[in-house]
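Participant: My questions will all concern the structure given below.
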Amino acid sequence: MTITTPAPTNASGATTVLSYEAAQGAAIAEEMRRDDSVFLMGQDIASGGFFGGTRGLVEEFGLGRIRNTGITEAFMVGAAAGAAMTGMRPIVQLGFADFSLIAGDEIFQKLGKWRHMHGGQFELPAVIIMPIGPSGGAGPEHSGSMEMLPMHFPGLKAVVPSNPANAKALLKAAIRDPNPVLYYPSKQLNFKRGEVFTDPEYVLPLGKATIAREGSTVSVISYGCMVPRALEAATVLASEGIDLEVVDLQTLVPLDRETIINSVVKTGRAMIVHEAPRTAGPGAEIAALIQERCFYWLEAPIARLGSVDAPIPASRFLEDHCFPSVSDIVETARHLVRD
């Protein structure tokens with residue numbers, strides 16, 4: 001299913017079809033053409049990286065701006081912080097979000113805090129790309145969902161795109177932002193294809209959610225790969241008279257509280273769905289927000305769906321049972337309406 005994205009204002013609405021991963025590569029290429037200070041680092045990045053999204057960039061930009069690195073996550077992010085402080089705009093491809101813990105000090109202490117510690121004397125325009133979730137049996141050390149971490153560590157922005165169109169437009173916004181941005185693409189969407197705007201100035205603002213589907217019965221608040229699942233569940237439930245409104249957060253930091261509140265006030269019921277573990281995941285913070293701001297409009301308890309509180313198994317069969325499915329969303333919506 002393709003999510004329709006509004007055409008750029010005062011710009012061409014021409015589109016092309018790209019995969020989710022290729023859309024990110026297109027965003028990087030456009031921003032490198034636009035700004036000579038943008039460069040990319042990562043393991044085997046000149047050959048396409050872990051998932052092939054940067055294939056072909058080295059032929060256009062050369063090894064000076066497409067830099068292969070060793071298996072040295074802490075060094076990569078530390079170098080990016082130093083480069084950003086001196087006026088460059090580094091992009092670091094870490095391959096898997098799990099590896100962000102190896103560079104934890106550089107991400108959460110250095111990138112997240114240094115601009116504040118130094119009174120805003122410099123900017124830190126760095127983007128760290130860290131794919132989240134399972135990828136067909138990659139195992140417990142390569143299937144983590146770490147996107148809740150920047151919600152707890154101030155100073156970082158966090159982006160989680162749900163389709164090729166916003167994967168490109170949000171990554172472009174992240175690269176242009178003067179602050180450090182953690183960009184969390186969902187590996188379950190890597191090869192999903194969809195229409196992407198070709199206009200190089202089509203950029204979506206960070207901190208603004210979108211209504212992927214309007215509805216009146218239940219608000220499903222989600223991001224990343226769970227947005228297409230919520231849309232599929234909405235199609236299933238439509239014949240039963242259950243009308244899901246699907247809110248695609250797009251960014252977790254800043255969190256678009258206004259759109260969440262307006263949707264829940266409208267429907268009276270709320271379900272939060274994400275790849276991250278249910279316990280202490282982003283849904284816990286969003287549920288608290290809804291309880292605090294929408295209590296008198298709620299007609300049922302707030303529901304939360306997330307991955308199991310266990311290491312993700314290497315078995316592809318077992319992996320499928322660890323994350324919310326379309327049927328899980330359907331059944332939860334039915335319970336909310338019955339309650």
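The values are calculated or read from the model by the stated rules, or taken from the named source; none is laboratory data. Not measured: the values here are computed from a predicted model. Using ideal geometry, Cβ is built from the backbone for each residue, glycine included, and neighbour counts are taken over all protein chains shown. Side chains are part of the model used for accessible areas, which takes the heavy atoms of the whole protein and leaves out ligands, DNA and RNA. Shrake-Rupley method; radii C 1.70, N 1.55, O 1.52, S 1.80 Å.
Participant: Kindly list, by first and then second residue, each pair from a residue in region 115-134 that is free of Cβ contacts under 8 Å to residues at least 40 places away in the same chain to a residue that is surrounded by 14 or more Cβ atoms within 10 Å (Cβ to Cβ) and not in a loop (DSSP other than H, G, I, E, B), limited to pairs with Cβ atoms under 7 Å and residues at least 6 apart or on different chains.
Facilitator: So the pair list comes out as F122/M85; F122/R115.
Participant: Every residue in region 176-193 that is out of contact with any Lys or Arg (no Cβ under 6 Å at 6 or more places or on another chain), buried (at least 24 other Cβ atoms within 10 Å of the Cβ) and either in a strand (DSSP E or B) or hydroxyl-bearing (S, T, Y) (or both), please.
Facilitator: Residues satisfying the conditions are L182, Y183, Y184, S186.
Participant: When only residues in region 137-163 that are in a helix (DSSP H, G or I) and open to solvent by 10 Å² or more (accessible area, probe 1.4 Å) count, which is farthest from A276 (Cα to Cα)?
Facilitator: Top of the filtered list is H152.
Participant: Can you tell which of I129, I91, I102 is within 22 Å of G281 (Cα to Cα), of a type outside the set (S, T, N, Q) and touching a Phe, Trp or Tyr at 6+ places or on another chain (Cβ under 8 Å)?
Facilitator: Selected residue: I129, the only one of I129, I91, I102 that is within 22 Å of G281 (Cα to Cα), of a type outside the set (S, T, N, Q) and touching a Phe, Trp or Tyr at 6+ places or on another chain (Cβ under 8 Å).
Participant: Which members of region 242-264 meet the condition of being under 11 Å from T217 (Cα atoms) and out of contact with any Leu (no Cβ under 7 Å at 6 or more places or on another chain)?
Facilitator: Selection gives I242, D243, E245, S263, V264.
Participant: When you look at E106, is it within 23 Å of P154 (Cβ to Cβ), open to solvent by less than 70 Å² (accessible area, probe 1.4 Å) and of a type in the set (D, E, K, R), yes or no?
Facilitator: Yes: the conditions hold for E106.
Participant: Taking only pairs six or more apart or across chains, which ones have beta-carbon atoms under 6 Å, a first residue in region 198-227 that is basic (K, R), and a second residue that is in a loop (DSSP other than H, G, I, E, B) and open to solvent by less than 60 Å² (accessible area, probe 1.4 Å)?
Facilitator: Qualifying pairs under 6 Å: K208/D256.
Participant: Then there is this: Any idea which of P301, P282 is within 17 Å of V160 (Cβ to Cβ) and out of contact with any Gly (no Cβ under 8 Å at 6 or more places or on another chain)?
Facilitator: P282
Participant: Given (1) within 18 Å of S145 (Cβ to Cβ); (2) open to solvent by less than 10 Å² (accessible area, probe 1.4 Å), identify the lone condition not met by V218.
Facilitator: Looking at each condition in turn, V218 falls short on (1).
Participant: Of the numbered conditions (1) part of a loop (DSSP other than H, G, I, E, B); (2) without any contact (Cβ under 8 Å) to a residue 40 or more places away in the chain, A173 fails exactly one; give the number of that condition.
Facilitator: Answer for A173: the failing condition is (1).
Participant: So which residues in region 281-339 are open to solvent by less than 60 Å² (accessible area, probe 1.4 Å), of a type in the set (S, T, Y) and under 19 Å from K266 (Cα atoms)?
Facilitator: Of everything in region 281-339, just one residue is open to solvent by less than 60 Å² (accessible area, probe 1.4 Å), of a type in the set (S, T, Y) and under 19 Å from K266 (Cα atoms), namely T332.
Participant: Continuing with this model, one more query. If you go through region 299-323, how many residues are part of a loop (DSSP other than H, G, I, E, B) and touching a Lys or Arg at 6+ places or on another chain (Cβ under 7 Å)?
Facilitator: Residues that pass the stated criteria total 3.
Participant: On to the next question. Just to be sure before I move on: is I91 farther than 22 Å from E147 by Cβ, buried (at least 16 other Cβ atoms within 10 Å of the Cβ), in contact with a helix residue (DSSP H, G or I) (Cβ under 7 Å, 6 or more places away or on another chain) and β-branched (V, I, T) in the structure I sent?
Facilitator: So I91 fails the test.
Participant: Which one of these does S100 not meet: (1) buried (at least 16 other Cβ atoms within 10 Å of the Cβ); (2) outside any helix (DSSP H, G or I); (3) among the polar types (S, T, N, Q)?
Facilitator: (2)
Participant: Working carefully through the options V273, V264, find the one that is closer than 16 Å to T332 by Cβ, in contact with a helix residue (DSSP H, G or I) (Cβ under 6 Å, 6 or more places away or on another chain) and assigned to a helix (DSSP H, G or I).
Facilitator: Every option except V264 fails the conditions.
Participant: Which of the residues belonging to region 39-80 are under 23 Å from H116 (Cβ atoms) and crowded, with 20+ Cβ neighbours inside 10 Å?
Facilitator: Within region 39-80, M76, V77, A80 qualify.
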